[in-house]
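The values are calculated or read from the model by the stated rules, or taken from the named source; none is laboratory data. In this text, all values refer to a predicted model and were calculated from it rather than measured experimentally. FYI the Cβ positions are ideal-geometry reconstructions off the backbone, even for glycines, and counts take in every protein chain you see. Ligands, DNA and RNA are excluded from the accessible area calculation, which covers all protein heavy atoms including side chains. Shrake-Rupley method; radii C 1.70, N 1.55, O 1.52, S 1.80 Å.
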Amino acid sequence: MTEAVQTSSTFTPRVFSGIQPSGGLTLGNYLGAMKRFVDMQEAGTHETVYCMVDLHAITVWQDPDKLRRATRELCAGFIAAGIDPAKSILFNQSAVPEHAQLAWIFNCVARMGWMQRMTQWKDKAGKNAQNASLGLFAYPALMAADILIYHATHVPVGEDQKQHLELTRDVAIKFNHDYGVDFFPVTEPVIEGAATRVMSFRDGTKKMSKSDPSDASRINMTDDADTIAKKIRKAKTDPEALPSEVKGLEERPEARNLVNIYAGLSGLTVDQVLADVGGKQFSEFKPMLSELAVAKLAPISTEMARLMQEQDEIDKILAQGAGQAREIAAPILKKTYEIVGMVGA
Ligand code: ATP
Ligand code: MG
């Protein structure tokens with residue numbers, strides 16, 4: 001089986017990305033990640049592998065029952081948004097033990113200093129770093145393993161994950177160098193579109209997150225039309241009218257955020273949106289944005305709710321996806337063990 005493992009420039013074009021079941025999906029996850037996962041699946045240029053990263057979720061405390069539910073709901077979200085298990089491999093991380101096994105190897109490749117520089121670690125551990133889990137600190141090594149266990153060549157993510165992808169590249173380069181091989185690809189991040197960093201509705205300098213304690217800070221994929229309209233109406237803005245050009249958004253993070261969201265949802269560029277809405281007050285623009293958000297999100301949330309009634313079907317899809325994922329992951333782990341010098345690999 002190891003003979004099938006590729007090296008160097010022969011890597012199959014393959015996309016990997018994941019989302020944590022650490023809460024419900026947000027508009028940020030949808031525009032920055034999920035929608036683009038679907039685009040890459042539909043482009044048909046790459047094999048696509050998508051994962052509910054439950055092992056990442058437990059780097060901060062998760063209630064076990066809520067975690068199980070969030071994992072299945074996330075799977076429903078993937079499918080409702082357009083991920084087709086016949087076209088993409090869809091599974092939960094813990095069902096493919098090779099992720100955690102490769103992560104251990106990478107714990108021994110990555111350096112303490114690399115981890116200490118990660119802004120996600122600093123943001124999430126906060127002032128209480130001594131009391132944060134070791135897993136939260138090691139998170140980027142597991143993420144490198146998630147990607148490299150598939151020899152993934154491209155990883156679509158939001159802007160916030162850019163630094164972790166640079167670390168993934170550093171892990172691949174250092175592993176290849178330390179062992180004198182050309183085994184792991186140096187993965188390309190794919191951070192594209194108008195909404196690669198959707199910001200909180202409460203604070204235009206903070207990203208929208210599913211784990212933010214304030215529900216008003218985000219739109220959840222499961223919010224109903226009234227809730228979406230209310231959250232957009234209450235979203236922090238400034239008193240000025242919208243500008244007609246991108247330059248006019250420079251010092252206005254909240255205005256920029258709402259325009260970016262409009263662009264992301266409509267598929268228009270920011271320039272095109274501003275050509276249309278420049279000069280309008282927020283009192284006029286916000287209802288337009290609500291209407292668009294409801295039109296795009298309601299069919300997804302309705303389908304998610306329907307799928308959640310079919311738990312057996314979801315579990316079957318996940319089990320099948322895990323089987324397909326292991327077919328790729330197992331030979332790559334075996335070869336890694338051989339390279340590292342593990343007897344019996
Ligand atoms: P958590 O708060 O638990 O970290 P999260 O909302 O940040 O949750 P993740 O599961 O960490 O979600 O990230 C999943 C994907 O969504 C990643 O590709 C990430 O870059 C993207 N993403 C997360 N938040 C945003 C955002 N506000 N704008 C654009 N993309 C985002
Ligand atoms: Mg996150």
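Could you check Phe11 against (1) of a type in the set (Phe, Trp, Tyr); (2) modelled with pLDDT of 95 or more; (3) open to solvent by 30 Å² or more (accessible area, probe 1.4 Å) and say which number it fails? The failed condition is (2). The set of residues in segment 206-237 being open to solvent by 80 Å² or more (accessible area, probe 1.4 Å) and either small (Gly, Ala, Ser) or in contact with a strand residue (DSSP E or B) (Cβ under 9 Å, 6 or more places away or on another chain) (or both) consists of Lys206 alone.
Among the listed residues Arg111, Arg197, which satisfies the condition of being farther than 18 Å from Val15 by Cβ, out of contact with any Ser or Thr (no Cβ under 8 Å at 6 or more places or on another chain), surrounded by fewer than 21 Cβ atoms within 10 Å (Cβ to Cβ) and touching a residue at least 40 places away in the same chain (Cβ under 8 Å)? Break it down into steps so the answer makes sense when it comes.
Values: Arg111 fails: touching a residue at least 40 places away in the same chain (Cβ under 8 Å).
Only one candidate qualifies: Arg197.
When restricted to residues that are out of contact with any Gly (no Cβ under 9 Å at 6 or more places or on another chain) and either closer than 26 Å to Lys35 by Cβ or open to solvent by less than 10 Å² (accessible area, probe 1.4 Å) (or both), segment 238-249 contains 2.
Checked against (1) in contact (Cβ under 8 Å) with a residue 40 or more places away in the chain; (2) surrounded by 15 or more Cβ atoms within 10 Å (Cβ to Cβ), Asp203 passes all but a single condition, namely (1). The set of residues from segment 142-159 being part of a helix (DSSP H, G or I) and crowded, with 19+ Cβ neighbours inside 10 Å comprises Leu142, Met143, Ala144, Ala145, Asp146, Ile147, Leu148.
Going by the structure shown, is Glu98 in contact with a strand residue (DSSP E or B) (Cβ under 9 Å, 6 or more places away or on another chain) and at negative phi?
Details: in contact with a strand residue (DSSP E or B) (Cβ under 9 Å, 6 or more places away or on another chain): no; at negative phi: yes.
No: the conditions fail for Glu98.
When you look at Phe91, is it crowded, with 21+ Cβ neighbours inside 10 Å, in contact with a Cys (Cβ under 8 Å, 6 or more places away or on another chain) and in the same structural domain as Tyr30 (by the TED database), yes or no? In short, yes.
In this structure, does Gln120 turn out to be crowded, with 21+ Cβ neighbours inside 10 Å, within 24 Å of Pro189 (Cβ to Cβ), touching a helix residue (DSSP H, G or I) at 6+ places or on another chain (Cβ under 9 Å) and not hydrophobic (A, V, I, L, M, F, W, C)? Answer is no for this residue.
Only one entry of Gly44, Gly82, Gly23 meets the criterion of being out of contact with any Phe, Trp or Tyr (no Cβ under 7 Å at 6 or more places or on another chain), within 15 Å of ligand 1 (Cβ to nearest atom) and in the same structural domain as Val171 (by the TED database), and that entry is Gly23.
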